[in-house]
Structure formats: C-alpha cells, structure tokens
Amino acid sequence: MPDSHSLDIAPDGLRAPDALGPEAPPPGAGACCPTAGAALAWATPTADDDAAAPADGETGSPLDVAAYVRGSADGGHALDLMVEGVHCGACIAKVEGALRRFPEVRQSRLNLTTRRLALTWDGAAERAADFVAAIDAREYRAVPYDPGRLAAGDRDEDKALLRALAVAGFAAANVMLLSVSVWAGHAQGMDAATRDLLHWFSALVALPAIAYAGRPFFASALSALKRGRTNMDVPISLGVVLAAGMSLAETVTSGPHAYFDSAVTLLFFLLVGRYLDRRARGRARSAAERLLLLGAGAVTVLDADGRRRAVPAEQVSPGATVLVAAGERIGIDGWVLDGASDMDAGLITGESVPVAIGPGDRVFAGAINRTAPLKLEVSAAGADTLLGEIVRLMESAEQRKARFVGIADRVARGYAPAVHGLALAAFLGWTLIGGLAWQPALMIAVAVLIITCPCALGLAVPAVQVIASGRLMRRGVLLKTGTALERLAAVDHVVFDKTGTLTLGRPDLVERPDDPAAVRLAASLAGASRHPLARALARAVPGVAVADGVREVPGSGLALDTDDGEVRLGSATFCGVVPPPGEDAAEGGPELWLARPGAAPVRFAFLDAPRADAAEVVAALTARGLPVSLFSGDRAGPVEAVAGRLGIADRRARMTPADKAEALADLGRQGRTVLMVGDGLNDAPALAAAAVSLSPSSAADISQTAADAVFQGDALAPVIEALDVARRADRLVRQNFALAFVYNLVAVPVALAGLVTPLIAAVCMSGSSVLVVANALRLGRRGRA
C-alpha cells in the first residue's frame with residue numbers, strides 16, 4: 001500500500017555529534033560505591049572469586065576474547081566488553097585508569113548504566129588479552145559484551161537484595177513484638193529473669209538477621225573507609241554494629257538496655273529504599289539492552305554464485321547482498337537493490353503508516369518488511385547501524401542521568417563525619433573530663449550515634465516517593481526511576497512527540513467524495529488490505545463486502561479487474577493523479593485515491609486527530625509558565641496542522657532521532673530542565689536525553705523502558721498530574737529534611753549531656769522517622785497536588 005508518509009532521514013543526520021558521544025562520568029568525589037551504587041557490591045563476584053572463573057568452554061577468558069575484536073580500515077581494533085562489579089563513578093575511574101596506562105589505547109569509555117566498555121586501540125588484536133588482564137587485576141571482571149548475560153546477573157543480584165529485605169523485615173517484626181513485651185512488662189514490674197529471657201530471644205532473631213541483611217551497608221562503609229572517605233553507610237554501620245554489640249553485652253550482663261529492635265528495623269527501611277534504587281537502575285539498563293537485542297539475529301546473505309546462507313547480522317560486511325522475506329525484520333542498514341514493498345518503519349520514525357519503498361530507497365535495521373521480498377545492499381551492520389547509533393545516544397544520555405544521586409546521600413556526605421565526631425567527643429569528654437568509666441561513657445556515645453542515626457534522613461525521600469508513587473498509580477501514572485519525582489519537580493520546559501503522543505496514532509477518515517457508489521467501491525477494495533489507511537477506510541464504511549480478486553501492488557495500492565476496466569485504490573501516482581504545479585504532495589496529510597474507468601479520480605483524506613484533552617493540557621502547561629514544543633519525525637503538513645489546533649508555536653518536523661537528541665541537548669545547554677513526552681523507538685534517545693521523560697502506555701515497549709514514567713489511557717491529563725504531584729512531593733521532601741535536622745538539633749545536645757539511654761535514643765530515633773512518614777502521608781490527600 002502507498003502512503004504519503006515518506007521516510008526522509010538524511011545520511012548526514014544518522015550519526016550523533018561528538019557532544020553526544022559516550023562519556024564516562026568524572027572520578028567520583030565521594031567514596032567508591034556510595035549508598036545508591038554499592039547496594040550489592042557484596043553480591044557481585046570479583047576476579048578472585050572461584051565462582052567468577054569461567055566454566056570450561058565459556059567465552060570470556062583472556063584467551064578467547066580476541067575472537068570478539070573488530071578491525072577498522074585504519075588498522076586499529078575495537079572491542080566491546082561487559083565489566084562486572086562496577087557500581088559507581090570511582091569504579092569507572094579505576095577501570096579506565098588501568099587502560100590509559102597502555103599507550104596504544106585510543107579510547108576507553110565505560111558506561112555505568114549498561115556496564116559496557118567501548119575500547120579502541122592501535123596494534124595487534126591479541127593485545128585485547130592484556131587489556132582484560134589489566135581490568136581483572138583491579139578486581140573487576142571483563143567479558144565480551146552480552147546483554148542477555150548482563151540481564152541474568154542483574155536478576156541474581158535483585159533476588160539477593162530481596163532476600164536480605166525479607167530477612168530484615170521478618171526479624172524486625174518479631175523483635176518489635178518481643179520489645180513491646182519488655183516495655184509493657186517493665187511498666188508492670190517484670191522480673192529481671194523474664195526480661196533477660198526476652199532479650200536473649202531478641203538476640204537470637206536479630207543478630208543473624210543483622211549479619212545477613214546488613215552486608216550491603218557494611219561492605220559500602222568498609223570500602224569508603226579503606227579509601228579514607230565516608231558516606232551515610234558509615235554511621236549506619238557503626239550504629240547498627242554498636243547497637244547490636246552493646247545490646248548483646250547488656251543481655252549477657254543482665255543489663256536493662258537492649259535495643260535490637262532499633263538496629264534491625266533501621267536495616268529494613270533502608271533496604272526498601274535501596275531495592276527501589278536498584279530496580280530503577282535495572283530498568284534504565286534494559287532500554288539499551290532490548291534495543292541491542294532487536295538488532296541481533298541472523299540475516300540471509302546471497303553469495304555471488306547464488307548460494308544463500310544465514311549469517312549473524314553483526315558479521316555481515318558492507319557491500320554484501322541480503323534477502324529479506326515479507327514479514328521479516330530487517331537486520332542491517334542498506335539500500336534496496338530489487339523489489340518493491342511497504343516498510344513498517346514505526347520503530348525508527350515513530351509514525352504509524354508504513355513507507356512505500358523500492359530500488360534505491362534506504363532501509364534501516366529494526367524496520368519490518370511488510371508485503372513483498374526485497375534484495376538489499378548492506379551499508380552498515382551491527383554497532384554501525386542506525387539502531388546501534390540510537391543505542392549509543394541512549395547510553396550517552398543515560399550516563400548523564402546516572403550522575404544524579406539521592407538528596408539524602410548528598411546531605412549525608414557532610415552529615416556523617418559530624419555524627420562520628422559528636423559520638424567520639426561524647427566518649428572522650430565523659431571519660432577524660434566527666435570522670436566516667438569507659439562502659440557508661442560508651443553507652444552515651446552509642447546513644448549519640450543512635451539518636452542521630454540518619455534513619456529519618458534516609459526516609460525523607462523514600463517515604464514521599466512511596467506515597468507519591470501510589471497516588472500517581474491511582475491516576476494512571478507509573479513511575480519507573482527513583483529520581484523521576486525530583487526531576488519532574490524541576491521541569492521548566494515540555495517537549496511533545498506528535499504521533500501516538502499528542503495524537504492516538506490511529507488515522508481516521510475525515511474527507512470522502514459525495515458519490516456513495518465510489519465510497520462503497522473503495523471500501524470493498526480496502527477490506528482486502530491490512531494497510532492502516534485501508535483499514536481506516538473500511539472501518540468508516542461498515543457493512544461492505546470485500547471484493548473478490550483484489551490484488552495488492554506492494555508500495556503502491558490495490559487493484560481490481562472489472563468488466564469496465566481496472567479499478568485502483570492507492571497513492572496519487574498509482575491512480576494517475578498529478579499534483580498542481582507548485583504543490584508538494586508529500587507534505588500533505590495521509591490520503592488514498594480511487595481511480596475508475598471513465599471517471600475522474602476521487603480523494604479520501606485521513607487525519608490522526610489529537611487526543612481529546614490535548615489542547616486543554618497544552619493550555620494548562622502554558623498557564624503554569626511552562627513553554628511547550630512539538631518535535632516530530634513526520635512531515636511539515638501534519639505537524640503544522642496538529643500544532644495549529646493545539647496552539648503550539650514551537651513546532652519542528654522531519655526530525656531524526658539524532659536531531660531530537662541534539663535539540664534537547666541544546667535546551668539543556670540553555671539551562672532548561674526539559675520533560676520529553678514521546679513514544680516510538682525514534683523517541684528513545686530523546687526520552688533518555690531529556691532531564692525526565694514520560695511515555696503513553698500505547699508506546700513501543702522499548703520507549704516505555706527508556707522513559708522515567710508511563711501514563712495509561714487515552715488522555716494527556718496524567719502529564720499535568722505527574723508535574724503537580726512531583727512539585728508538592730519536592731516541597732514535602734524539603735520539609736522532611738527540615739524536620740530531621742530540627743529533631744537532631746534538639747536531640748543531640750540531650751544525648752551529649754548523657755540524659756538519654758540507648759533505649760530512649762532508639763525510641764526518639766523511631767519517633768523522628770514516624771514524624772517524617774506522617775508528613776509524607778499528607779501527599780495522599782485528595783485534591784490538587
């Protein structure tokens with residue numbers, strides 16, 4: 001079938017500018033693997049672990065990796081590796097630093113999100129083994145890049161974190177029940193033997209749980225201390241260990257103060273936040289992984305002697321000839337040598353109407369050949385295709401997004417050392433000046449650590465996120481990244497895609513001839529095709545039987561032989577319609593023409609109408625002081641029509657994926673915080689390049705993965721809801737931080753004065769957490785956010 005949507009992606013527009021190339025983050029200023037990054041450092045095997053050694057026959061050892069090296073025309077070599085055990089910017093600095101010691105290495109860029117190391121060098125391919133060995137020597141493991149292997153490893157780490165979370169939750173619930181019994185019994189004169197027995201039961205439950213569930217924090221704190229730095233995990237670990245240790249000491253000596261409940265409950269809440277962050281990272285990685293898998297597979301290569309053979313897509317050389325059957329996904333970039341068909345390029349252009357292609361037209365990996373076999377000449381394969389370029393754009397944009405860290409972590413960098421200093425000052429002050437023995441002085445120091453332990457600080461963000469996520473979920477918005485709310489609150493510019501975003505992506509018949517017989521004849525032909533325009537025509541004229549003998553001419557339209565001659569339904573060219581001088585038919589809206597013997601051709605016009613509330617949403621955004629832009633890969637005519645109806649002044653048409661990403665980068669350089677709302681594979685780099693992104697639930701699955709949130713239904717109103725909730729959530733987060741600091745401002749002097757026991761300190765600490773959560777619950781109230 002024809003269509004007036006022509007795919008026009010200029011070759012010069014396919015490659016990203018240097019500014020968007022993969023870029024590793026700068027060496028981390030904080031400790032290696034801080035709170036967000038080191039959640040599962042303890043669960044990732046290193047090169048020294050027996051479990052990390054490759055099994056017999058498994059690729060990935062230094063002896064095998066040379067087989068994955070790619071040569072280049074200038075005599076250099078390139079290799080993509082997956083580096084296991086990388087969790088933060090400091091890890092990246094270690095890996096890249098190890099490779100920069102080799103003078104022949106041109107570039108080594110490690111992406112934190114995908115853990116993909118792009119390595120290029122001069123010299124022999126066998127040098128790859130030396131590079132892998134250098135990475136292994138830094139206690140990381142490098143293997144040939146495999147998205148499937150990466151996903152499997154992530155699932156294992158997620159399961160390990162869930163097990164730790166389950167253990168901490170189970171222990172917290174049971175120890176809290178025992179603690180309630182102790183508190184109630186104390187008020188009623190419980191004897192010491194019964195109290196000690198309950199303390200021992202608490203110890204038997206809490207200590208193994210702390211040892212198991214606390215490993216993410218202990219490993220992160222130990223890693224930070226080894227490098228002479230600190231992070232929020234250090235006071236957490238100190239508080240948990242000292243609390244558990246002193247509780248055990250009190251239990252052994254029949255002391256009254258055991259606070260196992262505080263230690264294990266703190267672990268549980270912090271593991272909840274850590275798991276949410278881990279899941280957000282995994283979803284960000286899966287966007288690029290699924291794109292890579294889309295371009296994987298075998299293609300059919302036609303040799304000079306006419307022989308056909310299946311070859312992995314990434315191993316096909318430019319200039320080779322490949323055959324693509326009808327209904328098959330194209331695995332390479334190239335040109336059509338022979339054949340005519342319709343190409344479903346929706347994953348590339350984001351447009352719902354297939355593109356008519358023939359000899360000389362360009363095709364791209366990831367598109368689907370719809371109606372007839374094609375013979376193609378390969379121009380690029382594997383990582384050099386447009387699909388590979390989109391992956392690189394996404395990785396570059398996600399790398400910048402990965403630099404976001406939680407507000408609590410940023411505050412804790414200065415907060416944690418202060419807590420340590422206060423606790424040490426309390427211990428030294430009471431022993432050297434106050435004249436206390438070291439045991440009671442240590443109890444005061446522990447009370448300072450516990451009462452100032454950043455539980456409320458750690459809950460300040462997650463508590464609001466949970467409430468906000470629940471509210472948005474009830475309104476049809478599903479958040480997918482841990483920092484989406486923070487970034488939505490800062491938005492000051494909104495960019496929409498057209499097809500499938502501002503519109504529903506379903507063409508409807510809006511103009512037909514006044515001749516009922518012509519309309520019924522056209523509908524009888526249209527019923528024989530699955531082309532979107534033909535289906536829209538048949539849907540608009542129900543009850544018409546499909547004509548027998550209809551032929552589909554790939555890339556042109558439908559034909560039917562009758563006694564009076566041939567009837568045609570299709571493109572203007574196919575039906576013999578010549579546009580008036582000065583008019584460009586390619587810039588008009590979607591249309592079909594019906595040509596009959598002895599009658600003038602008649603036109604059927606279609607429109608992809610905007611969503612019902614699109615104009616209202618655009619007006620609401622403008623009223624909030626947010627400029628609105630429209631970026632589309634469609635032609636100028638349809639873009640102008642939609643933008644005009646919705647009142648969008650800044651509209652841009654015929655944009656390639658690289659164009660959209662570069663335009664968003666320009667807005668970012670101007671200091672704008674951009675929300676991108678789009679669907680389709682062509683929008684995936686833009687969704688990743690924007691400060692924050694949304695996709696409709698009808699979007700291509702990959703774009704939903706690349707986006708920070710997905711909204712459901714046919715309405716655009718959830719975009720407004722997401723922005724409003726995020727702004728109120730931002731205010732509540734700031735209030736929570738203020739409450740946490742006011743609490744510490746009051747509690748710390750009291751603890752330093754020795755006026756609270758560790759038990760009272762634990763109650764105060766829990767009270768501050770309850771206060772923070774209660775404030776966050778205000779977000780769940782009905783009404784405008």
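Miscellaneous remarks
- Scanning region 548-572 for residues that are of a type in the set (D, E, K, R) and either crowded, with 18+ Cβ neighbours inside 10 Å or not in a strand (DSSP E or B) (or both) yields Asp548, Glu552, Asp563, Asp564, Arg568.
- In region 600-627, residue modelled with the lowest pLDDT [restricted to those that are open to solvent by 40 Å² or more (accessible area, probe 1.4 Å) and touching a strand residue (DSSP E or B) at 6+ places or on another chain (Cβ under 8 Å)]: Leu607
- Only one entry in Val322, Val355, Val363, Val316 is open to solvent by less than 20 Å² (accessible area, probe 1.4 Å) and modelled with pLDDT of 90 or more, namely Val322.
- Condition check for Leu630: modelled with pLDDT of 90 or more, under 20 Å from Asp492 (Cα atoms) and not in a helix (DSSP H, G or I): yes
- Of all residues in region 95-114 being of a type in the set (D, E, K, R) and assigned to a loop (DSSP other than H, G, I, E, B), the one that is modelled with the lowest pLDDT: Arg101
- Whichever residue in region 71-86 is in contact with a helix residue (DSSP H, G or I) (Cβ under 9 Å, 6 or more places away or on another chain) and open to solvent by 10 Å² or more (accessible area, probe 1.4 Å) and, among such residues, is modelled with the highest pLDDT: His77
- In the set (1) surrounded by fewer than 18 Cβ atoms within 10 Å (Cβ to Cβ); (2) modelled with pLDDT under 90; (3) more than 14 Å from Thr499 (Cα to Cα), Glu640 fails one condition alone, (3).
- When Gly297, Gly334 are screened for being closer than 23 Å to Asp683 by Cα and either surrounded by fewer than 15 Cβ atoms within 10 Å (Cβ to Cβ) or modelled with pLDDT of 85 or more (or both), only Gly334 passes.
- Any hit, region 532-539, residues being closer than 16 Å to Ala605 by Cα and surrounded by fewer than 20 Cβ atoms within 10 Å (Cβ to Cβ): yes
- Candidate set from region 503-518 (those that are of a type in the set (A, V, I, L, M) and in contact (Cβ under 8 Å) with a residue 12 or more places away in the chain); member that is most open to solvent (accessible area, probe 1.4 Å): Val510
- Cβ-Cβ under 8 Å pairs, at least 6 apart or on other chains, region 733-762 side farther than 20 Å from Val773 by Cβ and at pLDDT 80 or above, far side loosely packed, with under 15 Cβ neighbours inside 10 Å and hydrophobic (A, V, I, L, M, F, W, C): Leu752/Ala425
- Candidates are the residues of region 643-681 that are under 18 Å from Ser695 (Cα atoms) and not aliphatic (A, V, I, L, M); the one that is surrounded by the fewest Cβ atoms within 10 Å (Cβ to Cβ) is Thr673.
- Residues satisfying the stated conditions in region 115-126, i.e. at pLDDT 80 or above and touching a strand residue (DSSP E or B) at 6+ places or on another chain (Cβ under 6 Å): Leu117, Ala118, Leu119, Thr120, Trp121, Ala125
- Elements of type strands (runs of 3 or more DSSP E) contained in region 458-528, each with 1 or more residues being of a type in the set (Asp, Glu): 508-511
- Here Pro597, Pro579, Pro542 are screened, and the one residue that is outside any helix (DSSP H, G or I) and open to solvent by 70 Å² or more (accessible area, probe 1.4 Å) is Pro542.
For every residue, the table says whether it meets (1) open to solvent by 50 Å² or more (accessible area, probe 1.4 Å); (2) among the charged types (D, E, K, R); (3) touching a Gly at 6+ places or on another chain (Cβ under 9 Å); (4) modelled with pLDDT under 85.
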| residue | (1), (2), (3), (4) |
| --- | --- |
| Gly421 | no, no, no, yes |
| Trp430 | yes, no, yes, no |
| Thr452 | no, no, yes, yes |
| Gly470 | no, no, yes, yes |
| Leu478 | yes, no, no, yes |
| Leu485 | no, no, no, yes |
| His493 | no, no, no, no |
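- Qualifying positions in region 115-144 - surrounded by 19 or more Cβ atoms within 10 Å (Cβ to Cβ), in contact (Cβ under 8 Å) with a residue 60 or more places away in the chain and assigned to a strand (DSSP E or B): Arg116, Ala118, Arg141, Ala142, Val143
- When the criteria are applied in full, Gly588 fails the requirement of being open to solvent by less than 50 Å² (accessible area, probe 1.4 Å) and modelled with pLDDT of 90 or more.
The values are calculated or read from the model by the stated rules, or taken from the named source; none is laboratory data. Keep in mind that this is a model prediction, so the values were computed, not measured. Because the Cβ atoms are built from the backbone with ideal geometry, glycine has one as well, and the counts that use them run over all protein chains shown. Side chains included, ligands, DNA and RNA excluded: accessible areas come from the protein's heavy atoms. Shrake-Rupley method; radii C 1.70, N 1.55, O 1.52, S 1.80 Å.
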